[in-house]
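Q: I have a structure I would like to understand better, so I am pasting it below and will then ask my questions one at a time.
The values are calculated or read from the model by the stated rules, or taken from the named source; none is laboratory data. Here the structure is a predicted model, which is why all the values come from computation and not from measurement. Neighbour counts are summed over all protein chains in view; Cβ atoms, including those assigned to glycine, are modelled from backbone coordinates with ideal geometry.
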Amino acid sequence: MTINFDIILKNLSSILIEKKLKISLCESCTGGLISKIFTDYSGSSLWFLGSIIAYNNNVKTRLGVNSELIEKYGAVSKVVAKEMSESTLRFTDSDICLSVTGIAGPKGGSIDKPVGTVFYSFSTKAGFSYQEKFIFDGSRNQIRTLAAEKGIQIILDCMSKIKTQ
């Protein structure tokens, strides 16, 4: 099922503009898909600053993710997702940031982290932080699409929990 993002992004755009907030992203397994969805929406430059595609662990560490955490917990983990969002928040000087890291497959899964495992972290400059884990089923492209869609939903859900900064 393909989602029409026009209504969703119109709603997100209105909220971000009303609260005078700028958003950034740090994407790993989605490879810039959320950024593409954002920039497909006319007017997104009013609230979307940009993104880091930190697909490789070297990029994550150069961004500011502690390499010891990657080694201890793995790149696909709650703690690394949180470091990704917080590091990108500082790097872009945005008000809010969503990061996403996961295993899109078809290889790379394990018993603890099967293919389809995705971690999200939503962080704000004001100190609000939220992390969540999901496991999606499907092909590589289906997992990436579902992960991107869920990421946008997490942003909308978290926006209702934060105060204007």
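Q: Of all residues in segment 34-62, which are within 20 Å of Lys107 (Cα to Cα) and touching a Lys or Arg at 6+ places or on another chain (Cβ under 9 Å)?
A: Ala54
Q: I would also like to ask the following. Which condition number does Ile53 fail, the rest of (1) out of contact with any Asp or Glu (no Cβ under 9 Å at 6 or more places or on another chain); (2) aliphatic (A, V, I, L, M); (3) under 27 Å from Gly138 (Cα atoms); (4) surrounded by fewer than 22 Cβ atoms within 10 Å (Cβ to Cβ) being met?
A: Failed condition: (1).
Q: What are the pairs, 6+ residues apart or on separate chains, where a residue within segment 130-145 that is more than 14 Å from Ala81 (Cβ to Cβ) and free of Cβ contacts under 8 Å to residues at least 40 places away in the same chain has its Cβ under 8 Å from a residue that is among the hydroxyl-bearing types (Ser, Thr, Tyr) and surrounded by 15 or more Cβ atoms within 10 Å (Cβ to Cβ)?
A: From residues that are more than 14 Å from Ala81 (Cβ to Cβ) and free of Cβ contacts under 8 Å to residues at least 40 places away in the same chain, the pairs are Ile135/Thr117.
Listed here are the residues, each with its yes/no results for (1) within 18 Å of Lys125 (Cα to Cα); (2) free of Cβ contacts under 8 Å to residues at least 24 places away in the same chain.
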{"residue": "Ile3", "(1), (2)": "no, no"}
{"residue": "Ile7", "(1), (2)": "no, yes"}
{"residue": "Ser13", "(1), (2)": "no, no"}
{"residue": "Asp40", "(1), (2)": "no, no"}
{"residue": "Trp47", "(1), (2)": "yes, no"}
{"residue": "Ser67", "(1), (2)": "no, yes"}
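Q: Go through segment 4-21 and report how many residues are surrounded by 14 or more Cβ atoms within 10 Å (Cβ to Cβ) and over 17 Å from the mean Cα position of the chain (by Cα). Before you say what the answer is, go through the steps one by one.
A: Going residue by residue through segment 4-21, those that are surrounded by 14 or more Cβ atoms within 10 Å (Cβ to Cβ) are 5, 8-9, 12-13, 15-16, 19, 21.
Right, trim to over 17 Å from the mean Cα position of the chain (by Cα) and you get 15, 19.
Matching residues across segment 4-21 total 2.
Q: I want to confirm something. Restricting to segment 103-121 and keeping residues that are of a type outside the set (Ser, Thr, Tyr) and under 11 Å from Gly74 (Cβ atoms), which single residue is surrounded by the fewest Cβ atoms within 10 Å (Cβ to Cβ)? Working first, answer last.
A: The initial filter retains those residues of segment 103-121 that are of a type outside the set (Ser, Thr, Tyr), namely 103-109, 111-116, 118-119.
From the residues that got through so far, the ones that are under 11 Å from Gly74 (Cβ atoms) too are 103, 108, 112-113, 119.
Numbers: Ile103: 25, Gly108: 14, Asp112: 9, Lys113: 19, Phe119: 28.
So, considering only residues that are of a type outside the set (Ser, Thr, Tyr) and under 11 Å from Gly74 (Cβ atoms), the one surrounded by the fewest Cβ atoms within 10 Å (Cβ to Cβ) is Asp112.
Q: Still on this structure, please answer the following. Might you check whether a residue that is part of a strand (DSSP E or B) and out of contact with any helix residue (DSSP H, G or I) (no Cβ under 8 Å at 6 or more places or on another chain) occurs anywhere in segment 125-134? If you could, list the steps in order and put the result at the bottom.
A: At the first step, the residues of segment 125-134 found to be part of a strand (DSSP E or B) are 129-134.
Remaining after also requiring out of contact with any helix residue (DSSP H, G or I) (no Cβ under 8 Å at 6 or more places or on another chain): none.
No, that holds for no residue.
Q: Of the conditions (1) at pLDDT below 95; (2) among the small types (Gly, Ala, Ser); (3) under 29 Å from Ser13 (Cα atoms), Ala104 clears all except one; give me its number.
A: Only one criterion in (1) at pLDDT below 95; (2) among the small types (Gly, Ala, Ser); (3) under 29 Å from Ser13 (Cα atoms) is unmet by Ala104, namely (1).
Q: To continue, here is another question. If a residue has to be free of Cβ contacts under 8 Å to residues at least 12 places away in the same chain and either closer than 20 Å to Lys125 by Cβ or of a type in the set (A, V, I, L, M) (or both) to count, how many in segment 69-92 make the cut? Spell out the reasoning first.
A: Looking only at segment 69-92, we keep the residues that are free of Cβ contacts under 8 Å to residues at least 12 places away in the same chain, and these are 71-73, 79.
With either closer than 20 Å to Lys125 by Cβ or of a type in the set (A, V, I, L, M) (or both) added as a condition, the list becomes 79.
Residues flagged as free of Cβ contacts under 8 Å to residues at least 12 places away in the same chain and either closer than 20 Å to Lys125 by Cβ or of a type in the set (A, V, I, L, M) (or both) within segment 69-92 amount to 1.
Q: Quick one: in segment 56-74, of everything that is among the aliphatic types (A, V, I, L, M) and within 17 Å of Gly32 (Cβ to Cβ), which residue is surrounded by the most Cβ atoms within 10 Å (Cβ to Cβ)?
A: Here is the first cut: in segment 56-74, the residues among the aliphatic types (A, V, I, L, M) are 59, 63, 65, 69-70.
Adding the requirement that they be within 17 Å of Gly32 (Cβ to Cβ) leaves 59, 63.
Working: Val59: 15, Leu63: 18.
Going through the qualifying residues, I end up with Leu63.
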